[in-house]
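Notes for the one structure printed next.
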Amino acid sequence: MAINFINKLPVPAEIKKEYPLSQKVIETKKRRDAEIRDIFTGKDHRFVLIIGPCSADNEDSVMEYLHLLAGVQDKVGDRILLIPRIYTNKPRTTGRGYKGLMHQPDPSKKPDLLAGLIAVRKLHTRAVEETGLTAADEMLYPENWRYIDDLLSYVAIGARSVEDQHHRMTTSGMDVPAGMKNPTSGDLSVMFNSIEAAQSRHNFIYRGWDVNTDGNELAHVILRGAVNKHGNSIPNYHYEDLILLQSMYEKRNLKNPAAIIDTNHNNSNKKYLEQIRIAREVMHSRKYNPALHELVKGLMIESYLLDGSQSVDAEPHIFGKSITDPCLGWEKSEKLIYEIYDLCE
């Protein structure tokens, strides 16, 4: 057979029953969801920073990072709302490499998807319980959304997934903001089609059910740069890019126009230190043009305890250093957050 069936995994309701949420977590998510919704609908004019590791590869190092982030949130909360990146499943361009906590709770061991589902739910729950911060995650597998839909406050649809109809229709059933990245080709019309699909109602097959969705009015743009036919990175965060984005939004009948600018990936050519310069430029463009000030709701920044990255099998393994894309270390990240705070005046 082309597909070998290994184990029947529990359905989301079974995992949720085995790993329930406390009333504290439930109430925290409800409050945070309302705050984040108000930012994306324009009722709240605070700036969003979606910030954290490229991949949440280790529970202890991620939690150490999140506690640091929570301490900063207390200081910048009047202008900035921090949404930690807890990315637990990672798309791989060639299908090879570390695919995230969902696949490998221990990156040094073989994949274990049941253990991964449990580890993901435990990590997201612990994050909310201990720090009061509800997180963002990437929806690599639409059918897995229901395992943690009661924990996430933001979802990103990746550049390789944004053109997939099942991702679009599943996003239409979410009640939290969903950022639709431009595809790696850079074709913004593909991204806008994805947003339109996500904001629309749909009827489709999901997890063996015939389902209807209401449409997600909070689906929006993430600009992450692109790749040309020669494999070179093409940034799309410059002022002219944002003006083009604004004009394309004006031609579409879409709800709650909003954009998040990804400072890494092809915008930085994965040169993680460039994130600092890119963030400054976007904030300047936003400050210079009142229309962009309304449109650009936030930034996405890859940040961890230590600068750079290491291989997944590095010896010795360095605690708090990315095993996927290189990230800004905490010291630089904290300084950048305060700089962005000042630029939000």
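Every number here is computed from the coordinates shown, using simple stated rules; none is lab data. Just so it is clear, the model here is predicted, and its values are computed rather than measured. With ideal geometry, Cβ positions are generated from the backbone for all residues, glycine too; neighbour counts draw on all protein chains shown.
General remarks:
- Counted as qualifying within the stretch 265-321 are the helices (runs of 4 or more DSSP H) with 3 or more residues that are touching a strand residue (DSSP E or B) at 6+ places or on another chain (Cβ under 6 Å), buried (at least 16 other Cβ atoms within 10 Å of the Cβ) and not charged (D, E, K, R), namely 274-288.
- Condition check for SER108: surrounded by 22 or more Cβ atoms within 10 Å (Cβ to Cβ), in a loop (DSSP other than H, G, I, E, B) and among the polar types (S, T, N, Q): no
- Residue within the stretch 194-209 that is within 18 Å of MET300 (Cα to Cα), of a type in the set (Val, Ile, Thr) and touching a residue at least 24 places away in the same chain (Cβ under 8 Å) present: no
- When GLY116 is tested against the conditions (1) surrounded by 18 or more Cβ atoms within 10 Å (Cβ to Cβ); (2) under 22 Å from ILE6 (Cα atoms); (3) touching a helix residue (DSSP H, G or I) at 6+ places or on another chain (Cβ under 9 Å), the lone failure is (3).
- Hits in the stretch 226-246 (condition: among the hydrophobic types (A, V, I, L, M, F, W, C) and part of a helix (DSSP H, G or I)): LEU242, ILE243, LEU244, LEU245
- Qualifying helices (runs of 4 or more DSSP H) (wholly inside the stretch 7-76; at least 3 residues being in contact with a Leu (Cβ under 7 Å, 6 or more places away or on another chain), touching a residue at least 40 places away in the same chain (Cβ under 8 Å) and surrounded by 15 or more Cβ atoms within 10 Å (Cβ to Cβ)): 23-41, 59-76
- For the stretch 76-127, the set of residues classified as among the aliphatic types (A, V, I, L, M) and either touching a Phe, Trp or Tyr at 6+ places or on another chain (Cβ under 9 Å) or at positive phi (or both) consists of VAL76, ILE80, LEU81, ILE83, LEU101, MET102, LEU117, ILE118, VAL120, listed by residue number.
- Single residue of the stretch 99-130 satisfying the filter (more than 18 Å from the chain's Cα centre (by Cα) and polar (S, T, N, Q)) that is nearest to ILE86 (Cα to Cα): GLN104
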